[in-house]
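So the structure is just underneath, and the comments pick up after that.
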Amino acid sequence: MYPLPFVLTVLLLAGQSLAAIKIMALGDSITGSPGCWRALLYRKLQTAGLTTNTDFVGTLQPDGCGFTYDGQHEGHASMFATNIASQNLLTGWLAATKPDVVMMHLGTNDVWSAKSPTELLGAYATLVKQMRASNSRMKILVAQIIPLNPRETSPCAECPQRVVALDQAIPQWAAGLNSTESPITVVDCYTGFNPATDTGDGVHPNEAGNEKLADAWFAPLASVIRTFGEGS
Ligand SMILES: *[C@@H]1O[C@H](CO)[C@@H](O)[C@H](O)[C@H]1NC(C)=O
């Protein structure tokens, strides 16, 4: 038996030496404004005991979602994935916050403006390269984005099918860039999400949609958080 003060000191030092797992949510207004699915996701992680060593990071501050949560983020309203890539915006956000994990739901504005899956996947590839330049062990979660059927501003009859085309192309693209050091997980945010009932405008999640997004992210993000406990 070790004396109790010794044990407590060791535990304290061990706790302090564990750097927090920094997690960046990257996206557009679906992620950021207010993006209360992130608050619901945080609460689910907290309930599962998975937030004791996490730090959600980003240059943007959280909006109020009715309860306290860790909500810094990079959900930039109106942003295109293709512009974030071509204007080199992510590198600055990465340098400012140094994440270990990036969870990305991005491309809705591009799809709305008829950017092709090829253009989008090219932009995603640039972003993945920048993530790995920032942290060679970056854990990357990429969403198959939620359906899009805008009802108010610029209705877009082709948008639903364009999202399907992008989402269908994501798994093969991700597999091609996957690595053991920096694994990519594809997160299905599409299946079961109904823009007629899970959004108010055909674009942004409402309460029901926020619940579905939180559910879609929970298991994949929980499993990435757990890998840090295994020393990887
Ligand atoms: C990447 O590799 C990991 C195993 O290292 C695997 O679990 C994951 O499904 C792979 N991702 C893709 C998109 O193939």
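The values are calculated or read from the model by the stated rules, or taken from the named source; none is laboratory data. Please read these numbers as outputs of a predicted model, since none were measured by experiment. As a convention, Cβ positions derive from the backbone with ideal geometry for all residues, glycine included, and neighbour counts pool all protein chains shown. For accessibility, only protein heavy atoms count, side chains too; no ligands or nucleic acids. Shrake-Rupley method; radii C 1.70, N 1.55, O 1.52, S 1.80 Å.
The table below lists the values:
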item	result
Condition met for T197 (within 16 Å of the ligand (Cβ to nearest atom) and either part of a helix (DSSP H, G or I) or touching a Lys or Arg at 6+ places or on another chain (Cβ under 8 Å) (or both))	no
Only listed residue being buried (at least 21 other Cβ atoms within 10 Å of the Cβ), away from the ligand (no atom under 16 Å from the Cβ) and under 21 Å from W37 (Cβ atoms), chosen from L148, L166	L148
Members of the range 169-222 that are within 20 Å of E119 (Cα to Cα) and free of Cβ contacts under 8 Å to residues at least 40 places away in the same chain	P171, Q172, A174, A175, G176, N178
Boolean, A157 is over 18 Å from A81 (Cα atoms) and either away from the ligand (no atom under 16 Å from the Cβ) or touching a residue at least 40 places away in the same chain (Cβ under 8 Å) (or both)	yes
Selection from the range 55-94 of residues that are in contact with a strand residue (DSSP E or B) (Cβ under 9 Å, 6 or more places away or on another chain), open to solvent by less than 40 Å² (accessible area, probe 1.4 Å) and among the hydrophobic types (A, V, I, L, M, F, W, C)	F56, V57, A81, I84, L90, W93, L94
Flag if S179 is part of a loop (DSSP other than H, G, I, E, B), within 16 Å of the ligand (Cβ to nearest atom) and not aliphatic (A, V, I, L, M)	yes
Residue among V142, V186 that is within 14 Å of the ligand (Cβ to nearest atom), β-branched (V, I, T), closer than 23 Å to K98 by Cβ and out of contact with any His (no Cβ under 6 Å at 6 or more places or on another chain)	V142
Residue list for the range 93-138, restricted to those being in a loop (DSSP other than H, G, I, E, B) and within 14 Å of the chain's Cα centre (by Cα)	P99, D100, L106, G107, M138
